[in-house]
Amino acid sequence: MNPTLSKFMLARTPDRILHPTPTMNTPLPLNTGATIPALGLGTWQSEPGQVKAAVVHAIESGYRHIDCAFCYQNEDEVGEALKEVLAKKVVKREELFITTKLWCTFHTRVEEGLGKSLKALGLDYVDLFLVHWPVPMNPKGNHPLFPKFPDGSRDLDKSTTHIDTWKSMEKLPETGKAKAIGVANYSVKFLEELLPTTTITPAVNQIENHPYLPQQEIVDFCKGKGIHITAYSPLGSTGSPLMKEEVVIEVAKKHSVEPGTVLLSYHVARGSSVLAKSVTPARIESNRKLTTLDADDMEKLEGISKAKGFTRFVYPAFGVNMGFPDKQ
């Protein structure tokens, strides 16, 4: 086509066509060739007895991406929800994207850890299996999830490393029990330790991410390595003032949406998928709405941490330097 004509047509193409509004199920590419839906339902800190109803409502409302973890201790309820929606033919299994995670006390028992989640979820496979934290803990300690020494410090398993764990993770895709494998809560430091040893590059790094904690160094590093970012705690945290930030409200008014929509859409604008946690039907539904943020919106949102500094809401007391710049 004539270059002049191309420019003419491009200049007159409506913006809604050039930059379509993202949807909750906009497919984002993974390095495996698969895709991950832009918005997922998070199940962390969901109260027992409420998780099943939340997952059923979410899937009936159009969600196809559900994020779980053995450590959340509610995968049995998620499994009940999945059984119900599959039996009712609300959705087919292959239309869902289910993520779960290997807990720290299972670093030397990777396949067993996945097996426990699969049994609870009632599934033959998950679409994504993540190393929850790169911190092995004693599998024979005084608690199955959070073993501690008498002084209260975490009982770490120093006989193994997160690199050893990943070598076991790499055996899973060929079993068919995990379509893709990845990591969570990895800093650049830990990724730089891991990547030279891998035969399979992690498909995903799931991290705490929001305008108070953009973690730009990790986002950029992962992008350069073909590792997709999934953001958790996108609203900051329960009771976070992020929802009341003047800049967030200003951008929300500009687009005639709620502040929460802006905070979720911020991640999709960065090419990341994002997890929204709720057990409230109305909130589950409102979280589905995404909008297109322009360069000016993103500059304003990125200016929040530049003006106010970084705030990290999730940082377990492992007693390990996780390598995050804001914690040095």
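The values are calculated or read from the model by the stated rules, or taken from the named source; none is laboratory data. These numbers were taken from a predicted model, which means no experiment stands behind them. Cβ atoms come from the backbone with ideal geometry, glycine included; neighbour counts cover every protein chain shown. Accessible surface areas use protein heavy atoms only, side chains included; no ligands, DNA or RNA. Shrake-Rupley method; radii C 1.70, N 1.55, O 1.52, S 1.80 Å.
Observations
- Taking label positions 7 Å along the Cα-Cβ direction at both GLU217 and ASP296, the computed distance is 3.3 nm, reported to one decimal.
- Expressed as a whole percent, the accessible surface of segment 206-328 that belongs to carbon and sulfur atoms is 52, based on a 1.4 Å probe.
- Degrees, to the nearest 10: 216-225 long Cα axis against longest axis of the chain: 80 degrees
- Rounded tilt (10° steps) of 246-255 against the dominant C-alpha axis of the chain: 50 degrees
- Global form of segment 176-223, assessed from the alpha-carbon gyration tensor, a/c cut-off 1.5: oblate
- Taking every Cα-Cα distance in the chain and sorting them into 20 Å bins starting at zero, the pair-distance distribution P(r) comes out as 31, 58, 11, 1 percent.
- Accessible solvent surface per residue of the chain, calculated while the other protein chains remain in place, 1.4 angstrom probe, Å²: 47 Å²
- Under 5 Å, built H, 5+ apart or other chain: amide partners of VAL131: LEU102, GLY182, VAL183, ALA184
- Calculated from backbone phi, Karplus (6.51, -1.76, 1.60) coupling profile of segment 304-313 in Hz, x at Gly/Pro: 4, 6, 5, 8, 10, x, 8, 10, 10, 9
- Gyration tensor (alpha-carbon) shape descriptor, segment 212-283, a/c threshold 1.5: prolate
- Of LYS92/LYS253; LYS89/LYS277; LYS52/LYS119; LYS254/LYS289; LYS167/LYS277, pairs whose Cα-Cα distance is over 26 Å: LYS92/LYS253; LYS167/LYS277
- Span per principal axis, largest first, for the Cα atoms of segment 91-167 (Å): 49, 23, 16
- Gyration tensor verdict on segment 251-307 (Cα atoms; rounded if a/c is under 1.5, prolate if a/b is larger than b/c, oblate otherwise): prolate
- Looking at the chain alone, DSSP beta bridges between its own residues are antiparallel in about 20 percent of cases.
- Cα centroid separation, segment 24-58 to segment 228-268 (Å): 18 Å
- For the chain, the longest principal axis of the alpha carbon atoms and the long axis of helix 75-87 meet at an angle near 60°.
- Rounded to the nearest 0.05, the FRET efficiency derived from the C-beta distance between LEU195 and THR21 at R0 = 45 Å is 0.80.
- Derived scalar couplings ³J(HN,Hα) [segment 114-130; Karplus, 6.51 cos²θ - 1.76 cosθ + 1.60; whole Hz; x for Gly, Pro]: 5, x, 5, 5, 4, 5, 5, 7, x, 10, 8, 7, 10, 7, 8, 10, 10
- Considering all C-alpha pairs of segment 191-317, those separated by over 26 Å amount to 22%.
- Across ALA317, ALA178, ALA81, mean-square fluctuation computed from a Gaussian network of the chain (C-alpha pairs under 10 Å connected) peaks at ALA317.
- Percent accessible area from carbon and sulfur atoms, segment 19-93, protein chains only, probe 1.4 Å: 54 percent
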